[in-house]
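Working notes, structure below.
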Amino acid sequence: MRSTIDTGANALTADQLDAFAHDGFVVLPDRFGAEEVERINDAFSLLAAQDCPENIREKSSGVVRTAMGLHLRHPLFAQLVNDDRLLAPARQILGDGEIYAQQVKVNAKQAFTGEQWQWHYDFATHHHEDGVPEPIALNIHIFLDEVTEFNGPLVFVPGSHVDGPAPTSLDTETTSFPLWTVGPDVVAPLVERHGLASPKGRAGTVLIFGDTLIHGSPSNMSPWQRRIFSLIVNPTTNRQRTDRRPDHLHHRDTTPLGEVGGEY
């Protein structure tokens, strides 16, 4: 249900809302400026240097693959998760209810060593592991580096959300991050129907996609790193029902996110 609230200058256009409904994702270029992105990257670098469970490392190289719980570890990220440039589009898509930060992280693919993310969709893991009831959460990305065809971009099966959640199985072997994945026998016919899409863009680009959209990303063989900030927002009415995993993997604090603009 689309929101009835006034989302102002950060609102999605009717065409962007239609694209999201049809494809399962929408790309918003130049939402964040170069200086803002630099500050985000500086804060991430400080946190990535820490030796803690929130920093999940690559299976082969040991470099940080994902740094999680960022809004609880640095004030910049606490401000960023409340930024209206991220929340206004989310509210248009989700409706007028309260939303919370389900997951806050940076997915990093270091030059030459960044490993793949298998074919998956976010709801499968959050449903099986955390008991999230409905597939309505949104993943909101900020590109922290230019994302090209060379440095491990996300690849979507556009429209793969239309038929609802696809069958999945738990993969604990391929990478260091256990993930409920979608097999080739499911992906192949969906790609035959819908094709593939790989959003790319400058640092500061925002990408929003839905909870059942099938996606993955290849390893980064290039000499250019690829860092992406990810905020997963979920309606408070759809919060997790189990607490099996640590808080940094799915936050138990469902305090509603606000609307705070400005530069970092």
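Give the residue that is nearest to Leu249 (Cα to Cα), with candidates limited to residues of the stretch 179-190 that are over 16 Å from the mean Cα position of the chain (by Cα) and open to solvent by 40 Å² or more (accessible area, probe 1.4 Å).
Pro184
Look at Leu170 and say whether it is assigned to a loop (DSSP other than H, G, I, E, B), among the aliphatic types (A, V, I, L, M) and within 20 Å of the chain's Cα centre (by Cα).
Numbers: assigned to a loop (DSSP other than H, G, I, E, B): no; among the aliphatic types (A, V, I, L, M): yes; within 20 Å of the chain's Cα centre (by Cα): yes.
The answer is no for Leu170.
Could you run through the stretch 73-97 and say how many residues are out of contact with any strand residue (DSSP E or B) (no Cβ under 7 Å at 6 or more places or on another chain), outside any helix (DSSP H, G or I) and open to solvent by 20 Å² or more (accessible area, probe 1.4 Å)?
Looking only at that region, the number is 3.
Identify the residue in the stretch 87-122 that is more than 16 Å from Leu231 (Cβ to Cβ) and among the aromatic types (Phe, Trp, Tyr) and, among all such residues, is modelled with the lowest pLDDT. Give the steps one after another, and end with the answer.
Of the residues in the stretch 87-122, the ones more than 16 Å from Leu231 (Cβ to Cβ) are 95-97, 109-121.
Next cut, among the aromatic types (Phe, Trp, Tyr) only: 112, 117, 119, 121.
Values: Phe112: 95, Trp117: 91, Trp119: 97, Tyr121: 96.
The qualifying residue modelled with the lowest pLDDT is Trp117.
Just name the residue that is surrounded by the fewest Cβ atoms within 10 Å (Cβ to Cβ) out of those in the stretch 199-248 that are part of a loop (DSSP other than H, G, I, E, B) and among the acidic types (Asp, Glu).
Keep residues of the stretch 199-248 that are part of a loop (DSSP other than H, G, I, E, B), which gives 199-200, 202-205, 211-214, 218-225, 239-246.
Right, trim to among the acidic types (Asp, Glu) and you get 211, 243.
Working: Asp211: 24, Asp243: 11.
The qualifying residue surrounded by the fewest Cβ atoms within 10 Å (Cβ to Cβ) is Asp243.
Here is a yes/no grid of residues against (1) touching a Lys or Arg at 6+ places or on another chain (Cβ under 8 Å); (2) modelled with pLDDT of 95 or more:
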| position | (1), (2) |
| --- | --- |
| Glu134 | no, yes |
| Asn151 | yes, yes |
| Gly164 | no, no |
| Asp171 | no, no |
| Leu179 | no, no |
| Val187 | no, yes |
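Looking at (1) outside any loop (DSSP other than H, G, I, E, B); (2) among the acidic types (Asp, Glu); (3) under 29 Å from Glu35 (Cα atoms), which is the one condition that is false for Glu129?
Looking at each condition in turn, Glu129 falls short on (3).
What are the residues in the stretch 21-62 that are aromatic (Phe, Trp, Tyr) and either open to solvent by 30 Å² or more (accessible area, probe 1.4 Å) or part of a strand (DSSP E or B) (or both), if any?
Keep residues of the stretch 21-62 that are aromatic (Phe, Trp, Tyr), which gives 25, 32, 44.
Once the filter is applied, which keeps residues that are aromatic (Phe, Trp, Tyr) and either open to solvent by 30 Å² or more (accessible area, probe 1.4 Å) or part of a strand (DSSP E or B) (or both), the stretch 21-62 yields only Phe25.
Just give me the residues in the stretch 36-72 being at pLDDT 95 or above and in contact with an Asp or Glu (Cβ under 7 Å, 6 or more places away or on another chain), in sequence order.
Matches in the stretch 36-72: Glu36, Ala67, Met68, Gly69.
Among the residues of the stretch 80-116, which ones are more than 16 Å from Ile140 (Cβ to Cβ) and polar (S, T, N, Q)?
Gln110, Thr113, Gln116
Quick one: count up the residues across the stretch 21-73 that are more than 24 Å from Asp247 (Cβ to Cβ) and of a type in the set (A, V, I, L, M).
6
The values are calculated or read from the model by the stated rules, or taken from the named source; none is laboratory data. Small disclaimer: the values here were computed from a predicted structure and weren't measured. Heads up, the Cβs are rebuilt from the backbone with ideal geometry, glycines too, and the neighbour counts pull from every protein chain shown. Quick note on the areas: whole protein, heavy atoms, side chains included, nothing else; ligands and nucleic acids left out. Shrake-Rupley method; radii C 1.70, N 1.55, O 1.52, S 1.80 Å.
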